[in-house]
Amino acid sequence: MSRRDLAADGTPPRQTPGQATRWDTQDAAWESMQPRLNTINHRVLAAIVASPRTCDELEQDLALTHQTCSASVNNLMRRGLIVAEGYRKTRSGRSARVWRAAQSEFLFPIGVEKAHGRA
């Protein structure tokens with residue numbers, strides 16, 4: 001199996017003909033986003049560090065689509081940079097997780113806090 005035949009986690013793509021057809025476009029979309037991912041993740045993390053927010057609030061504040069914003073939030077959460085902190089209502093009235101920055105010792109190496117006024 002080639003790279004195109006495997007998902008990022010090494011599993012084969014979905015099996016139905018319709019899903020297999022979408023696989024190539026998903027790969028192309030993922031590859032096209034790579035240059036922008038660090039910038040998007042940085043913007044989302046900076047907004048959450050400034051004040052805890054829901055994905056819905058981040059979408060509004062940063063003018064991101066839901067898909068882009070939720071992917072970034074998931075990426076930051078998996079990397080341990082943000083954690084869930086309760087729930088808040090969205091524009092549609094549904095409950096959504098509020099995300100906050102992980103403790104500063106996880107975000108900033110030892111000694112950096114003092115250099116940047118974060119004691």
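For the reader, a short list of remarks on this structure follows.
- Label-to-label distance, GLN67 versus ASN38, with points set 7 angstrom from Cα along the beta-carbon direction: 2.5 nm.
- Going from the residue with the fewest nearby Cβ atoms within 10 Å to the one with the most, LEU58, LEU81 rank LEU81, LEU58.
- Here the Karplus relation 6.51 cos²θ - 1.76 cosθ + 1.60, evaluated at θ = phi - 60°, turns the backbone of the range 51-56 into coupling constants of 6, x, 8, 8, 4, 4 Hz, with x for every Gly and Pro.
- A protection proxy built from the mean count of other Cβ atoms within 10 Å ranks the segments 89-95, 62-68, most packed first, as 62-68, 89-95.
- Qualifying trypsin sites (Lys or Arg not before Pro) in the range 38-86, DSSP loop, other Cβ atoms within 10 Å at most 13: ARG79
- Sequence of CYS55, CYS69 once ranked by neighbouring C-beta atoms within 10 Å, starting from the fewest: CYS55, CYS69
- Inter-probe distance in nm under a simple model that places probes 7 Å from Cα toward Cβ, at GLN60 and GLU31: 3.8
- Electrostatic tally near SER95: other residues with Cβ closer than 10 Å to its Cβ, Lys and Arg +1, Asp and Glu -1, net +4.
Any read-out appearing in this document is the output of simple, stated calculations on the displayed coordinates, not a laboratory observation. All values reported here derive from a predicted model rather than from experimental measurement. Using ideal geometry, Cβ is built from the backbone for each residue, glycine included, and neighbour counts are taken over all protein chains shown.
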